[in-house]
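Report on the structure given below.
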Amino acid sequence: MVVSVLEEMRIRSLGVIEDAVVELSPGFTAVTGETGAGKTMVVTSLGLLLGGRADPGLVRIGTKSASVEGRISLDADAPAAVRAEEAGAELDDGALLISRTVSAEGRSRAFVGGRSVPVGLLGELADELVAVHGQTDQQGLLRPARQREALDRYAGDAVAVPLAKYAAAYRRLREVAGELDALTTRARERAQEADLLRFGLGEVAAAEPLPGEDADLAAEAERLGHAEALASAAAVAHAALAGNPEDPEGADAGLLVAGAQRALDAVRSHDPALAALSDRIGEIGILLGDVAGELAGYADNLDADPRRLAAVEERRAVLAHLLRKYGETTDAVLAWAEQGAARLVELEGDDERIGELAAEREALRTELGDLAQALTDARAEAADRFAGAVTAELAQLAMPHARVGVALRQVEDEEGIEVGGRRVAFGPTGADEVELQLAPHPGAPARPIAKGASGGELSRVMLAVEVVFAGSDPVPTYLFDEVDAGVGGKAAVEVGRRLARLARTAQVVVVTHLPQVAAFADRQLLVEKTNDGSVTRSGVRVLEGEERVRELSRMLAGLEDSELGRAHAEELLAAAREAR
C-alpha cells in the first residue's frame, strides 16, 4: 500500500529548464520528449531533493542559482514524516514540502517543511521515500544494509522468527556485557567502598545510638548545667504562688485569689455577670494550686549530680563523632547505617554476581551462534529463490545471459560468536554480510551489481530486482532513467510491462524514449523546449487522448502525423491497456 506520493516538482534555472512544474500522480508516469529536451533534468532535480551532490554546473547560464521544490503527500505516522517533525518541520495539509537551492558558486541550502535543515537530512528522508535508478545516480538497493533488509523481508517468517529471537538475545547480551564490564573494571573502587562501609557501620554499631538520643541528651545537659539556678527559680515561684512556710503572715498568690473569690461570692446572687467572674477566679485558683504543686515536685526531683553531667557530656561527645561523619542527627545516622548495610550486601555479592553474569554471557553467545546459523540458512535459501527470480526477469529484459546471485559472507573475529565452527563478527541482525552480485555474461566473474553492469544495464537489473522485491521491500516511489537503454522490440514491451506491475504497489516515474514503455504508463508527461532552447512552465504537460497518440507516433516513426505511426501507437496503447 502506497503511503506517500510525490505530487509535483517545480524546477527553476536548472540546466535547460527555465521554470517548469512537473505534475505527478500515483501509478506509472512516463516522461518523454525529444533528445536534449531536458527529460533527464527530472531525475537530476529529484536527486537534488534527495540530498544528492550539488553541482554548480547545473545552474542555468545567466542566473545566480537553481532551485527545486517538491511536494510529497504522506501519512503523519510514516517514518519520513516522523523524522521530519523531529527536525522541526511541519506537514502542510498532509504533505511535506522539500526544497533545495544551488548557487552558481556551489553553495547549497535545503528546507523541509518550512525549516532550514542540513542537506544530510534529505538523504535520510530519501531512504524512506524514493528509490532512484539512473546511469549516474543509484540509491536504495545498492547499499549493502538495504540489500540485507530487503532479502530478510523477501524471506518472510523463515528469517523474521529467528531474527526476532536473535535481536532479543543480542540486546540482553549487551546489557549483561555492560553490567559485567562495570563490575570488573570498577572492582578496586567497589572494594574500597565496601571497606569504608564496614568501618562506618562498625563505628555506629559500637556507639549504639538511639532514635532522638542526641536531642534528649542536649536537653539534659542544659538542665544539669543550670541545676542551681533552676532550683532557686522554682522555689521563688512556688513561694509566690503557695506561700513561704517560714513567713505564715506573708501574702501569696493563692491567698489573694481566694480572697477575691470570697468577696465576689458574697454578692453573686445579685448579678449573674459577677457570678461568672467569680467562677473564673475559682478556675484560676485551681490552676495556681496545680502549678504550685508541680513546682514543688520539680525542685524535689531536680538532679544536680555533677557526675551525671559528666556522663551526659561524654555520651554527647561519642554521638558528635558519628554526627560529623554520617548524619546531622542520630535519626539520620541510623538511616545511613540501614542504607549502608544494604549497599554492603550488594557489594559483597559482586563476586557471585560476576560469576552469574559471566555464565549468562557465555550462554547468550552460544544461543546467538545457533540463531545466527539459523538466519544464515534461511537467508541462503531465500537468496537462491531470489537470484533465480531476478535472473528470469533479466532474460525478458534483453539480458538473457546475465546471472544474479547473492553472496552471504561472515568476517572472522576471535572475539565473535561461533557459527559453523568459526568465530565470526556479529551485530544486531546476525553475522551475515549480504551482497547482490551480477555476472553479465557467461565467463564473467560475479561482481557487486553496481560494478557488474553498465549504466543502461544497471537500471534494468535494478528494475528486475525491484519487481522481485515488490511487496516485501516496499518503497513508495521509484524513479528510473535509462531503464530502456539498449533494448527495443519485445524486450522494450517487457520493460513496460514490469514497470506497470511495479506501479500496482508503488508510484513509478520513468524517463524513457521508447514508445513500448511509455504506452504502459497511466500518465504521460511531455517535456518540450521553446524556440529559444529553454523549457518553460508550459513546456512540461500531461498528454491525453489524441496528443498522446501523436507523441507515441513521433517516438515510433519520428513523424507525429504518420498514419502508419498513429495506427501503431493506438495498437500499442490498446495492447498495454489489455496487459495491465
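The values are calculated or read from the model by the stated rules, or taken from the named source; none is laboratory data. Owing to the predicted nature of the structure, the values given are computational and were not obtained by experimental measurement. Quick reminder, even Gly has a Cβ in these numbers, built from the backbone with ideal geometry, and neighbours come from all protein chains shown. Remember, those area values only see protein heavy atoms, side chains included, never the ligands or the DNA or RNA. Shrake-Rupley method; radii C 1.70, N 1.55, O 1.52, S 1.80 Å.
Which of Pro211, Ala491, Leu48 sits closest to the plus end of the dipole of the chain, meaning its Cα is farthest towards the positive end, when Lys and Arg get +1 and Asp and Glu get -1 on the C-beta? Looking along the dipole axis, the top candidate is Ala491.
Spin-label model, Glu8 to Arg171: label points 7 Å out along the Cα-to-beta-carbon direction sit 4.4 nm apart. Given R0 = 60 Å, the distance between the Cβ atoms of Leu274 and Gln339 translates into a calculated FRET efficiency of 0.35. Most tightly packed first, judged by the mean number of other beta-carbon atoms within 10 Å of their residues, the peptides 208-219, 231-242, 23-34 read 23-34, 231-242, 208-219. Maximal additional length on extending the Ile61-Ala317 stretch stands at 83.0 nm, based on 0.36 nm per residue less the C-alpha distance. Stretching Arg143 away from Ala260 to a fully extended chain increases their span by 31.2 nm, per 0.36 nm per residue minus the current alpha-carbon distance.
Rounded to 0.05, the FRET efficiency of the Arg83 and Ala380 pair, given R0 = 51 Å and the Cβ-Cβ distance, is 0.95. Positive end of the dipole of segment 86-242 (Cβ unit charges, origin at the Cα centre): among Tyr154, Ser116, Leu201, the Cα lying farthest that way belongs to Tyr154. Near the amide H of Leu96, within less than 5 Å, lie the amide hydrogens of Ile72, Ser73, Leu74, all on another chain or at least 5 residues away, with H placed in the peptide plane. Net length available on complete extension from Ala221 to Ala358 is 43.6 nm, with 0.36 nm assigned per residue and the Cα-Cα distance removed.
Helical runs (DSSP H, four residues minimum) scored at -39500 (n - 2.57) apiece and divided by the length of the chain put the mean residue ellipticity at 222 nm at -18000 deg cm²/dmol. Ligands, DNA and RNA left out, the 1.4 Å accessible surface of segment 27-103 is 49% carbon and sulfur atoms. Considering only Met399, Ile449, Met462, and ranking their Cα positions along the charge dipole of segment 367-462 that arises from unit charges at the beta-carbon of Lys, Arg, Asp and Glu, the one farthest toward the positive end is Met399.
As a fraction of the 1.4 Å probe accessible area of segment 219-378, surface on carbon and sulfur atoms comes out at 57 percent.
The angle separating the long axis of helix 272-301 from the principal Cα axis of greatest extent in the chain is about 90 degrees.
Label-to-label distance, Glu546 versus Glu348, with points set 7 angstrom from Cα along the beta-carbon direction: 10.0 nm.
Amide H contacts of Val508 (H built 1.01 Å from N, in plane; Pro and chain starts excluded): Gly27, Phe28, Thr29, Tyr478 sit under 5 Å, all sequence-distant by 5 or more or on other chains. Rolling a 1.4 Å probe over the protein heavy atoms gives the chain an accessible area of 50 Å² per residue.
Averaging the sequence gap over all C-alpha pairs within less than 8 Å and six or more residues apart, then dividing by the number of residues, gives segment 167-300 a relative contact order of 22 percent. Label positions at Val21 and Val236, each projected 7 Å from the Cα along the C-beta direction, are separated by 10.3 nm. With K and R counted +1 and D and E -1, the other residues having a Cβ less than 15 Å from that of Ala66 yield a net charge of +3.
Amide H to amide H distances under 5 Å link Arg115 with Glu90, where only residues 5 or more positions off or on other chains count and H is placed in the peptide plane. Return the carbon/sulfur percentage of the accessible area of segment 392-529, one whole number, probe 1.4 Å, all protein chains in place. Taking all protein chains in place, segment 392-529 shows 48 percent carbon and sulfur surface. Taking the C-alpha atoms only, the angle from helix 306-326 to the longest principal axis of the chain is near 0 degrees.
Computed from phi, the 3J(HN,Hα) profile of segment 201-218 under the Karplus parametrisation 6.51, -1.76, 1.60 (θ = phi - 60°) reads 5, x, 4, 5, 5, 5, 7, 6, x, 10, x, x, 5, 5, 5, 4, 5, 4 Hz, with x in place of Gly and Pro. Axis of helix 157-185 versus longest Cα principal axis of the chain: the two differ by about 40°, to the nearest ten degrees. Considering only Cα atoms, the convex hull volume of the chain works out to 335 Å³ per residue.
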